[in-house]
Amino acid sequence: MIRYAVFMEPGGPLRDFVVDEKRRVEECLPGQTYCAHPPHGTLIVASCEQGADLESALQRALRDVQALDVKTTGMHPFYDDAMAGGGHTVVVKAGLSPSLGALQFAVAEALRPFLVETENDPAQAIDWAGPFRESLDRYGFPFVGPHWMPHFSIASLKVPRGDSFLCELLAQPAEFEFRLDQVSLWRIDGDSHQKVGSYPLRAE
């Protein structure tokens, strides 16, 4: 199954932190879900048609979106994460500012004409309700809107909830800030991530 994603790639100390924590997880618990993925925060990921038209539509949508500051507030767990096969997903949580919400909406609307149905999309296999279901039906991704929790994933750990290493990861301070002045489009096939390109946001 081929999907396309639009990512926020973290910069500066946040990127270093995510890379270092992924390395720690791989050393302690090799092969955990998400651990091998590039450092990123997901604006959207969905099954889309392949082709240059998608890339052009994304670039057009970003022309009116200003660069913005992204601030993280600390570590956060998604326990029993169905999207990750039931592991406990450890992330650096970011605040959902109006400008970040507007960026996600612009990206989601740009990709919407290119959505295609697929039988193997993991998001489609979950019984979503309320705004998650509405978002999935409209955008192929259940987290577009004010219910979205922006984050930068470390890994999803298949360990008991009280595992000492999991608790150690979550207990760390993780307050960062970086300037988001571009987003990137990725082609995803299983765990393989191939960057299609990076596109600037409008400078102030």
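Any read-out appearing in this document is the output of simple, stated calculations on the displayed coordinates, not a laboratory observation. In this text, all values refer to a predicted model and were calculated from it rather than measured experimentally. Note that each Cβ is placed from the backbone with ideal geometry, even for glycine, and that neighbours are counted across all protein chains shown.
At a glance:
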{"read-out": "Modelled label reach - R179, point 7 Å along Cα→Cβ, the range 37-63 residues with backbone N closer than 20 Å", "value": "41, 62-63"}
{"read-out": "Pairs of alpha carbons in the chain whose separation is greater than 28 Å (percent)", "value": "24 percent"}
{"read-out": "Ratio Rg/Rh, restricted to the range 1-70 and using Cα atoms, in which Rh is the Kirkwood radius", "value": "1.06"}
{"read-out": "Cβ-derived FRET efficiency at R0 41 Å, R202 paired with I126, nearest 0.05", "value": "0.70"}
{"read-out": "Dipole moment magnitude, nearest 20 debye, the range 2-190 about Cα centre, only Lys, Arg, Asp, Glu C-beta charged", "value": "220 debye"}
{"read-out": "At most 14 other Cβ within 10 Å, DSSP loop - chymotrypsin sites (Phe, Trp or Tyr not before Pro), the range 19-115", "value": "Y79"}
{"read-out": "Relative contact order (percent, whole number), the range 63-144, Cα cutoff 8 Å, 6+ residue spacing", "value": "23 percent"}
{"read-out": "Cα-projected label distance for Q59 with E117, points at 7 Å along beta-carbon direction, nm", "value": "3.3 nm"}
{"read-out": "Efficiency of FRET between R187 and L96 - r from beta-carbon atoms, R0 35 angstrom, step 0.05", "value": "0.85"}
{"read-out": "Computed over the chain: relative contact order in percent, which uses C-alpha pairs under 8 Å that are six or more apart", "value": "35 percent"}
{"read-out": "Computed [θ] at 222 nm, helices only, for the chain once each DSSP H run of length n ≥ 4 contributes -39500 (n - 2.57)", "value": "-9000 deg cm²/dmol"}
{"read-out": "Low-density loop positions, GluC sites (Glu not before Pro), the range 102-157 - DSSP coil, at most 12 other Cβ in 10 Å", "value": "E117, E119"}
{"read-out": "Gain upon complete extension [D16, S164; 0.36 nm per residue less C-alpha separation]", "value": "51.0 nm"}
